[in-house]
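The values are calculated or read from the model by the stated rules, or taken from the named source; none is laboratory data. Just so you know, these numbers come straight off a predicted model, no measurement behind them. With ideal geometry, Cβ positions are generated from the backbone for all residues, glycine too; neighbour counts draw on all protein chains shown. Areas reflect the complete protein model, heavy atoms only, side chains present, ligands, DNA and RNA absent. Shrake-Rupley method; radii C 1.70, N 1.55, O 1.52, S 1.80 Å.
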Amino acid sequence: MSDVVEIHVNGRAVRVPASASLAAALLAAGESAFRRSVTGAPRAPLCGMGICYECRVTVNGVAHVRACLETVAPGMDVVTGG
Amino acid sequence: MSGVAVPPDAVVVGAGIVGAACALELARAGLRVLVLDAGDVGGGTTAAGMGHLVVMDDSEEQFALTAYSVRLWRELAPSLPPECEFDPCGTLWIAADAAQLEAVRRKHEAYTARGVAAEVLDGAALAACEPALRAPLAGALLVPGDAVLYPPGAARHLLAEACRAGAVFRGGSRVDAIRPGAVVVGGRALPAGIVVNAAGAAAPELTPGLPIVPRKGHLAITDRYPGLCRHQIVELGYLQSAHEMTAESVAFNVQPRRTGQVLIGSSRELVGWDPATNRAVLGRMLERAVHFMPALAAASVIRVWTGFRPATPDKLPLIGPWEEMEGVWVAAGHEGLGITTSLGTARLLADLITGRTPAIDPAPYAPMRVLSAARRHG
Amino acid sequence: MAETAPRRVTADVAIVGAGPAGIAAAVRAAESGARVVVLDEAPRPGGQIWRHTTRGTLPRGARRWLERLDASGAQVLSGASVVDADGPRLLAQWRGEPLVVSAERIILATGARELFLPFPGWTLPGVVGVGGAQALLKAGMPVAGRRVVVAGSGPLLLAVAAALAGAGAHVAVVAEQAPAAAVRRFAAGLWRRPAKLWQAARYRAGVPRARHRPGVWVTRADGDTTVREVTLTDGRRTWTVPCDLLAVGYGLVPATELPRLLGCRIERGRVHVDEYQRTSEPAILCAGEPTGIAGAHAALVQGQIAACAALDRPAEATSLLAARDAWRRFAARLEATFAPRDELRTLADADTVVCRCEDVTLGRIDASWGSRAAKRYTRAGMGPCQGRICGAALQYLFDWTPDRVRVPVAPATVGTLVHAAALNTEPQDPS
C-alpha cells in the first residue's frame, strides 16, 4: 500500500499521507478555511474529535461531512469554504 | 414593574403568538394591557410549530379567517425584523395522481373565486420549480401569497410592538385562575375589566368548558441545504390528516427556512400531554417525507421535537366573549393554524371588544357555539 | 413500514465508546465469554487519549489493550455514531446506514470533551483545542517549524506541548491559568501516583524550550484569515506572543448526552453510578469520564468493573474497587487545582461569537434567559453541534442549566431516523 494518496481539494490535486484524517490532510495542503460561518467568517477545526462541527466540508458531493472523522481515500473530491 | 398602581383595562393570559397579537391590537386600540405568561414569550405551542402563513380551505369559515390573516401578515411583512425570518415562499399543494390533480383544479377554482391568487402547475412545471420532489407527480396548486416565518421570533416582535404601544409584559407569572373581573396570580387577585384567555392548549384549565384538547405533533429540522426545498410543500392529503380526529396520522409537509434548513412535518396524535418522541410516528412521518422528496433521505437531521396544538371539535378557533363569565374573552383553540390566524384573531377580538365593525363575520368563531352545540347534543 | 429493514446486531453487552473505559469493558466482558459489540465514532478504537494512525506510535500499555481487544472476540464497529437509544437498545448510523443494536446491558463509555471558553478571536482558523491539537497532530497535521502557544488549564497542556515540540513545533509558551501555588501543590501530590508522575516528568522533558507559566491566561487572539498573535496576561501585566497555532482549552467536561437521553440520573454534570458503575436506569452502566474526569487509568479500572457488573458477576470486580476509589480522589484534586478562574468569565466582549454554529454574539444574549429562551431568541445552540460547544460555555458564563436532550442525540440522516421505531420493536426472527 502506498504511503501517499492523491485527493482533489477544490479541483486541485493534492498528495497527502494515506493514514491522515481528512482534516489533517487539508491542513497539510494549506487549507485554512474549511467552511464559511453563517455570517461568512472562515472557520477551521477546533475540537479535532467530531464534536464542534467546525471542520465541515463537502466530500464527493455530500455536504456537512466532518473532516476530522474521515480518513483520506484515493480520488476523494473535497470542496471547502461552503 | 411599572403600571402596578393603575389596574390594566385588559389582562391577556398567554404570551404565545396569539396572545402577543391580541396584546398589540388591544394596546393600539388604546387599552392599558398587561400580558402574563407562566414562561416567557412564545415558549409553548408557538415555539413548537412550523410557522406557516397559509390559506386553508377545510371549511368556508377556515378559508375566511386564514385568507384575512395572510393578508394582514403581508401588510405587516415589510416591517418584520430579520429575526422573524419571513419568507414569501408560497405553498405548493401537490397532487400525486390524476384524481388528485382534479381536486387541485377544484381547489384552484375555490381560491380564485374568493380572491386568493393561485395557479395550477402540471407535472413538468412542478418538477421545474421543486427538482428534489419525486417524479412523476401529476401537478400542484401554487398559492404564491402564502409564506413562512419563525414563530417565536414573530411572537417576540409582536409583543415588543405591543409594549411599545404601552402594554406591559410579565413573564414567569402563572395565572392560577380567571375570576369575573380579575385573574389570580400567586394567590393574589389582579383586577382587570377584561381578561383574554389566550392560553392555547392550556386554556380549558382556566376557563372550564372550553372544548380544547392537546393534539400532539412531531417536527424535524435538517442542517442547511440551501435550494433543496424552495416552497412550502404540502401533500393534498394533508387537509384530511388535519381534519379527521383520528388517533394518529401523518402527512407530508416541508418548509424551507431562511437559514437553508428544511423543516419536516407533520404528525397528529391524541395522547394527552405526553411530550415523548413517538418513534413509530416519527418514523412514518419521515418516511412520508422521503417518499415525496427522496433526496431528504441523505439530509442530516439536527433536532426533533414535539408540541401540542390546541384542537377544537369543529376545527375552528374560539374568538370572542365567553358569556359564562362576565368580562372573559377567549382567543384560543387554533389547532395547527395559530401562527397564520393569530393576526386575524387579534384584529377580530379587538374589533369586538372596542365595538368596531369586523372585516369578516365573527359569528363562526364565537366561543359560545361550542356550548350551544353541547346543549343541542346533550 | 420502512421499505428496507435496518441491519440489526444483538449482543449480551453493547458498549458505546472505544476509549480506555470502553476497551477495558469490552475486553473484560468478551474474555468472559459474553457477546460484545462496541460502537465508536472514530475511525479506529483508542478514544482521544489513544488516538493513532499506526499503533507503533502508542505507549506499550495502550498497544497491549488494543491487542487484547483484537483477540477478545468483541465486535468493534468504528465510525458508528449512536443517534438514538431507548432501554437497552441503540440506533446508530454506521457507514451512512442505520444499525439497530439490541443488548441485555449497555455500558456507556462516551468519554469527555474539552471545555472551551469564548474570548475575542477564538473563532479564527489556527485556534484549536488543546485536545484538538493533540487529535489533529495524531491524525497527521504537520506542525514542524510552526510557532505554537499552548494555553488553558490542566495536565493535558504539558502533554500536548511535548507532543507538538516532538513533532518539530516551536512551543513559545505554555500558559496554565491555574495559580502557581495550586499547580505546585498538585505536582507534589503526584508522588502518590507514580504512573502520573512518570508521565509528568516525560512531558516536561519533552518541552525543553517551552516556558511553562502558571497563573497566565489568554485574553485574545488576533489575525486576519488565521491566528497571528496571542495576548496573554497574568492579571497585572499583558503582553503579546506571535504564533500561527494557538491550542487552548480549559480541561474536560463529561459527555453525558446519551446517558441523559436514556434517563440516567446526573449529579453535578456527571452520570451518577453506584459502586459497580450501575446508573439509575436498569441495564445501563457507565464507565470513565462521564462519571467524573479522572483520566485513562481510572477509565480502565471502571470499564472492567462495569463489565463484571454487566455480566452479573460483581464479585469479580471487588479487587478493583480500591484502585477506582483512589483515582476518584485524584480526580477531585485535579478538578480543584485546575478549576477555571473567575477572570475567564469576562474575556468575551459583546462582539465575541459564543455559538459558533449560528454566529451568535455574546451581546445578543441576556444572562436572565436560560438556554431554552436563548435558543428561541437568538438560535444559540440550534446548530449541528447541538449546543455542545456553546452550551458548556454558557453554563460556565451564566450558570445556565443545559437544555434537555432530544432525539437525535447526534445529527443523523432522515434515512436513519426513519428506523427509529425499530428501537421499540423486537428483532424479527431471521428464520
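Details
- Summed over the range C:164-196, residues that are within 22 Å of C:A339 (Cβ to Cβ), modelled with pLDDT under 75, open to solvent by 40 Å² or more (accessible area, probe 1.4 Å) and assigned to a helix (DSSP H, G or I) total 1.
- Per-region count, the range B:241-277, residues outside any strand (DSSP E or B) and open to solvent by 30 Å² or more (accessible area, probe 1.4 Å): 12
- Lone qualifier among C:L91, C:L66, C:L124 - being in contact with a Ser or Thr (Cβ under 8 Å, 6 or more places away or on another chain) and away from chain A (no Cβ under 14 Å): C:L91
- Number of residues in the range A:1-34 that are touching a Phe, Trp or Tyr at 6+ places or on another chain (Cβ under 9 Å) and more than 7 Å from every other protein chain (Cβ to nearest Cβ): the value is 1.
- Put simply, of B:A155, B:A135, B:A140, B:A165 the only residue that is surrounded by fewer than 24 Cβ atoms within 10 Å (Cβ to Cβ), of a type in the set (G, A, S) and modelled with pLDDT of 95 or more is B:A165.
- Residue that is most open to solvent (accessible area, probe 1.4 Å), among those in the range B:85-103 that are touching a helix residue (DSSP H, G or I) at 6+ places or on another chain (Cβ under 9 Å) and not aliphatic (A, V, I, L, M): B:P88
- Taken together, the residues in the range C:54-80 that are out of contact with any strand residue (DSSP E or B) (no Cβ under 8 Å at 6 or more places or on another chain) and touching a residue at least 60 places away in the same chain (Cβ under 8 Å) amount to 2.
- Identification of strands (runs of 3 or more DSSP E) wholly contained in the range C:200-297 with 2 or more residues that are open to solvent by less than 30 Å² (accessible area, probe 1.4 Å) and modelled with pLDDT of 95 or more yields C:217-222, C:229-233, C:245-250, C:284-286.
- Here the range C:337-353 is the region considered, the condition is being assigned to a helix (DSSP H, G or I) and in contact (Cβ under 8 Å) with a residue 24 or more places away in the chain, and the residue that is least open to solvent (accessible area, probe 1.4 Å) is C:L344.
- Matching residues in the range A:35-44 - criterion: being more than 7 Å from chain C (Cβ to nearest Cβ), open to solvent by less than 50 Å² (accessible area, probe 1.4 Å) and among the basic types (K, R): A:R35
- Verdict on C:R356 being in contact (Cβ under 8 Å) with a residue 24 or more places away in the chain, more than 24 Å from B:G172 (Cβ to Cβ), open to solvent by 30 Å² or more (accessible area, probe 1.4 Å) and more than 9 Å from chain B (Cβ to nearest Cβ): no
- Residue count for the range A:45-82 under the criterion of being more than 7 Å from every other protein chain (Cβ to nearest Cβ), in contact with a Pro (Cβ under 8 Å, 6 or more places away or on another chain) and without any contact (Cβ under 8 Å) to a residue 40 or more places away in the chain: the result is 2.
- Check on B:R28, surrounded by fewer than 24 Cβ atoms within 10 Å (Cβ to Cβ), assigned by TED's automatic domain parsing to the domain that holds B:L337 and in contact (Cβ under 8 Å) with a residue 12 or more places away in the chain: yes
- The lone exception for C:A34 - which of (1) part of a loop (DSSP other than H, G, I, E, B); (2) under 27 Å from C:E114 (Cα atoms) it fails: (2)
- Residue count, the range C:396-410 (criterion: over 19 Å from C:G131 (Cβ atoms) and more than 10 Å from every other protein chain (Cβ to nearest Cβ)): 9
- Helices (runs of 4 or more DSSP H) (entirely within the range B:72-184) containing at least 2 residues that are in contact (Cβ under 8 Å) with a residue 40 or more places away in the chain: B:98-113, B:151-164
- Of all residues in the range B:31-55 being open to solvent by 10 Å² or more (accessible area, probe 1.4 Å) and under 30 Å from B:K107 (Cβ atoms), the one that is farthest from the other protein chains (Cβ to nearest Cβ): B:H52
- Residue check for C:L117: within 14 Å of chain A (Cβ to nearest Cβ) and part of a loop (DSSP other than H, G, I, E, B): yes
- B:V195 vs. criteria surrounded by 23 or more Cβ atoms within 10 Å (Cβ to Cβ), at pLDDT 95 or above, assigned by TED's automatic domain parsing to the domain that holds B:R279 and aliphatic (A, V, I, L, M): no
- The residues of the range C:411-426 that are open to solvent by less than 30 Å² (accessible area, probe 1.4 Å) and more than 7 Å from chain B (Cβ to nearest Cβ), listed by number, are C:T416, C:A422.
- Of all the residues in the range C:139-163, those that are in contact (Cβ under 8 Å) with a residue 60 or more places away in the chain and surrounded by fewer than 22 Cβ atoms within 10 Å (Cβ to Cβ) number 4.
- Members of the range C:360-385 that are at the interface with another protein chain (Cβ under 9 Å from one of its Cβ atoms), modelled with pLDDT of 95 or more and touching a Gly at 6+ places or on another chain (Cβ under 9 Å): C:C385
- Subset tally (residues that are among the hydrophobic types (A, V, I, L, M, F, W, C) and more than 17 Å from C:A135 (Cα to Cα)) for the range A:8-32: 5
- Only a single item in (1) touching a Gly at 6+ places or on another chain (Cβ under 8 Å); (2) assigned by TED's automatic domain parsing to the domain that holds B:G237; (3) of a type in the set (S, T, N, Q) is not met by B:T112, and it is number (1).
- The criterion of at least 3 residues that are away from every other protein chain (no Cβ under 14 Å) and touching a Lys or Arg at 6+ places or on another chain (Cβ under 9 Å) is met, among strands (runs of 3 or more DSSP E) falling completely within the range B:186-240, by B:213-224.
- Those residues of the range C:41-59 which are over 13 Å from the mean Cα position of the chain (by Cα) and either closer than 14 Å to A:M49 by Cβ or at pLDDT 95 or above (or both), in sequence order: C:P43, C:R44, C:P45, C:H52
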